[in-house]
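Any read-out appearing in this document is the output of simple, stated calculations on the displayed coordinates, not a laboratory observation. Keep in mind it's a predicted model, so treat the numbers as computed, not measured. Note that each Cβ is placed from the backbone with ideal geometry, even for glycine, and that neighbours are counted across all protein chains shown.
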Amino acid sequence: GRTALVTGAARGIGAAVASVLARDGARVIALDVPGAREELERTADRIGATALPLDITAPDAADRIATAAPDGLGVLVHNAGITRDRRLANMPGDRWASVIEVNLDSVLRTTDALLKAGTIPRGGRIVATASIAGIAGNTGQTNYAASKAGIIGLVRSLGPRAAADHGVTVNAVAPGFIETKMTAAVPLFIREAGRRMNSLSQGGLPVDVAEAVAWFAQPDSTAVNGQVLRVCGQSLLGA
């Protein structure tokens with residue numbers, strides 16, 4: 001019956017995470033950018049969640065999240081993420097900055113603010129979405145890979161402090177190739193390679209990631225902190 005907030009919840013992995021947490025009894029707040037309001041509201045209505053249209057990079061994002069959860073957040077899932085792919089030599093600065101801002105900087109800012117404000121009480125769970133790209137890198141995705149490697153570093157460094165100072169655990173999932181609208185925009189050859197370069201020889205589904213997040217989010221996961229769980233079908237990348 002705890003309150004859980006999921007960012008990037010309008011579709012894909014975020015929508016699946018919100019759905020699974022709601023199934024498990026959480027009161028879910030589904031957050032996504034205002035531009036995705038209609039899709040976000042459809043997702044929220046379908047699972048009985050509260051929609052919160054909000055740009056997670058906004059300076060007042062943490063304050064607005066705290067207002068939306070006056071009784072605190074038992075679970076915070078950082079799933080919002082974007083790609084702006086291009087080879088590093090040809091990548092404009094704004095493409096680099098926007099990916100780092102959404103995928104990494106916003107996670108650090110909101111988490112720090114919510115912990116300091118006591119919005120996440122003792123026994124709370126923070127789960128972030130990393131990626132196999134953050135472990136192995138990926139050609140044409142240096143900005144994305146750097147942001148996800150940053151998430152892995154953040155989880156491992158923040159975990160001990162959050163546990164000691166706030167009684168909150170911090171973990172991450174690292175998906176491999178997952179069948180979503182975002183990956184559907186990837187060129188066919190790269191998609192097929194992503195599907196086949198693992199022991200299962202197929203792409204994963206958003207619910208696969210969601211079930212892993214739900215395990216981290218449950219009260220019985222108290223002894224697990226600062227960990228990164230690969231959800232990749234035993235990908236050959238970064239093996």
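Rounded to the nearest 10 degrees, the inclination of helix 206-217 to the longest alpha-carbon principal axis of the chain is 40 degrees. Here region 3-231 is assigned +1 on the Cβ of each Lys and Arg and -1 on the Cβ of each Asp and Glu. Its dipole about the Cα centre then comes out at about 520 debye.
Charge tally around VAL170: other residues with Cβ under 10 Å, Lys/Arg +1 each, Asp/Glu -1 each, net +3.
Towards the positive end of the charge dipole of the chain, with charges on Cβ (+1 Lys, Arg; -1 Asp, Glu), say which of GLY176, TRP215, ALA9 has the farthest Cα. Toward the positive end, the furthest listed residue is GLY176. Relative to the longest principal axis of the Cα atoms of the chain, helix 37-47 runs at roughly 70 degrees.
Calculate how steeply helix 106-117 sits against the longest principal axis of the alpha-carbon atoms of the chain, using the helix alpha-carbon long axis, and give the answer as 0 to 90 degrees to the nearest 10. Relative to the chain, helix 106-117 is tipped by roughly 20 degrees.
Projecting the Cα atoms of SER131, GLY35, PRO92 onto the charge dipole of region 33-171, computed from C-beta unit charges around the Cα centre, puts SER131 farthest toward the positive end. Taking every C-alpha pair closer than 8 Å and separated by at least 6 residues, the mean separation divided by the residue count of the chain gives a relative contact order of 20 percent. Does region 71-115 come out rounded, prolate or oblate by the C-alpha gyration tensor, with a ≥ b ≥ c the root eigenvalues, rounded set by a/c under 1.5 and, if not, prolate when a/b is larger than b/c and oblate if not? Prolate is the answer for region 71-115, as a/c is 1.5 or above and a/b outweighs b/c. In this structure, the amide hydrogen of ALA80, modeled 1.01 Å from its nitrogen in the peptide plane, lies closer than 5 angstrom to those of THR7, GLY8, counting only residues at least 5 positions away or on a different chain. If you bin all the Cα-Cα distances of region 3-75 at 10 Å, starting from zero, the percentages per bin are 24, 57, 20, 0.
By the helix-only formula, in which each DSSP H run with n ≥ 4 contributes -39500 (n - 2.57) and the sum is divided by residues, the chain has a 222 nm mean residue ellipticity of -13000 deg cm²/dmol.
In this structure, ASP63 and VAL207 have a Cβ-Cβ separation that, at R0 = 35 Å, corresponds to a calculated FRET efficiency of about 0.65. Taking other residues whose beta carbon is less than 11 angstrom from the beta carbon of SER147, and scoring Lys, Arg as +1 and Asp, Glu as -1, yields 0.
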